[in-house]
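Rule-based calculations on the coordinates, nothing more; no lab input. Since this is a predicted model, take the numbers as computed values, not measurements. All Cβ positions, even for glycine, are placed from backbone atoms using ideal geometry, and neighbour counts span all protein chains on display.
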Amino acid sequence: MPDEPAASPFRIPAEFVRFAAALEPAEVGWGYVSGALGAEDAVRLAFLRQCDLREPAGEFDALAGVEPSSPQLGALCHRLAGGGADAGRVWTYLALSWACSRTGEERGRLLGELAASGGTVVARSARDPEGEGLRLRAAGRDEFLTGRAASGQGMNWRSISALMGTDRPEEVDAAFDRAEELVGVALIGLALNHPDAEAILPRVARALESEGDELRHQGRVALAHVARLHSTVNRRCLQLLRAHPRGSEADDDLWGHVPHRRLPWWLWRHHLGERAAWLLRDRWRA
C-alpha cells in the first residue's frame, strides 16, 4: 500500500498544471489529498482531462462529476491516490516548476518552502533551482508532458470532439510527428483554446506548409481563428499563406482583425481589388 501523500507546502493553480502535464486519475487524486490542489481545481482538472479523452475518460468522469464541496471528493481522491504508487512524482515536478515560474519575493518564498519541505529530491532541487532543479524540471516535462504526448496517451486521437478542446501545443507537435490523421482538427482546437498566439502560430505554419490539401485548409482555418481571437499573425505564416489561394477565411479574418499596417502588400492588393470590383458592380447596376 503506498504511503499517504506528504502535505504540499503550497497549492498549484489548475491553469498552470493543465499546460504542464497530462495527468492520470491517480495523480489528480494525489494532488488533492496532498493539498497541492484545491477542491475546485481538482474537479476542473478532471473535467479538462475528461474532455481530452472523451469516451475512455474512466475515473476522470467520476471526479469531474463530484461537487467540490462534497465529502465524496476526498474519499474518491484518497482511493485513486492509493492506487498509484508513483502518483506523487508528477507533483514534485509541478511544485518546482510552479515555484520557478514566479518572480521576485514570491519565487524565493516558494523555493524556500520547498527546500524546507523534507522531501530529499525536491528540497535539494529547490536549493539549486538552476542546476539540479533545472534537470528535474526538464526530466519531468519529458516524462509527464512531451512523453505522454508522443505516446498519444494525452488525447483521444479518435474523437473529433475531444481534439477540438486541445490546449497543449506539445500534443499537436507529437501528432505532426506521428502523422496523425486528425492533427488538423487538434490544431484548430489549439487555436481556439490556447491563450498565447505565439504558441499556436508555429504549429499553424507546419500545417500551411504541408502537402495535404485538407491539412493546409485546416491550417488556414486555424490562422483565421488566431487572427480573430488574438488580432495578430507572424511573418512565417504570412509568407506561407501567400502561396495559398486568395479569398480564404484566413485572408478575410486577417484583414478584418489584424491592424492593416502589419499586413503585406499582396493582401492589401487582394482586398482593395475586391473592394474596387464591388464598387464598380454597384455603380453599373445603378
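With springs only between Cα atoms under 10 Å, which of Arg135, Arg228, Arg203 fluctuates most in a Gaussian network model of the chain?
Between Arg135, Arg228, Arg203, it is Arg135 that shows the largest mean-square fluctuation.
Select from Glu214, Glu143, Glu170 the residue whose mean-square fluctuation is largest in a Gaussian network model of the chain (Cα-Cα springs shorter than 10 Å).
Highest fluctuation of the listed residues: Glu214.
Got a sec? How would Thr92, Thr146, Thr166 order by Cβ neighbour count within 10 Å, fewest to most?
By the 10 Å Cβ count, ascending: Thr146, Thr92, Thr166.
Among Gly74, Gly140, Gly165, determine the one that fluctuates most according to a GNM of the chain built with springs between C-alpha atoms less than 10 Å apart.
Looking only at Gly74, Gly140, Gly165, the largest GNM fluctuation is found for Gly74.
Give me the number: length gained by fully extending Leu134 to Ser231, i.e. 0.36 nm times residue separation minus the C-alpha to C-alpha distance, one decimal in nm.
Separation in residues times 0.36 nm, less the Cα-Cα distance, equals 31.5 nm.
Can you give me the relative contact order of segment 14-150 as a percent, contacts being Cα pairs under 8 Å and 6 or more apart?
Over segment 14-150, the number comes to 26 percent.
In percent, how large is the relative contact order of segment 134-205, given Cα pairs closer than 8 Å and 6 or more residues apart?
28 percent
Over the chain, what is the mean sequence separation of C-alpha contacts under 8 Å (at least six apart), divided by residue count, expressed as relative contact order in percent?
Computed value for the chain: 13 percent relative contact order.
At a 10 Å Cβ-Cβ cut-off, how would you order Trp268, Trp91, Trp255, fewest neighbours first?
So the residues, fewest neighbours to most, are Trp268, Trp255, Trp91.
With +1 assigned to the C-beta of every Lys and Arg and -1 to the C-beta of every Asp and Glu, and no other charges, what is the dipole magnitude of the chain about the Cα centre in debye, to the nearest 20?
For the chain, the charge dipole is close to 1340 debye.
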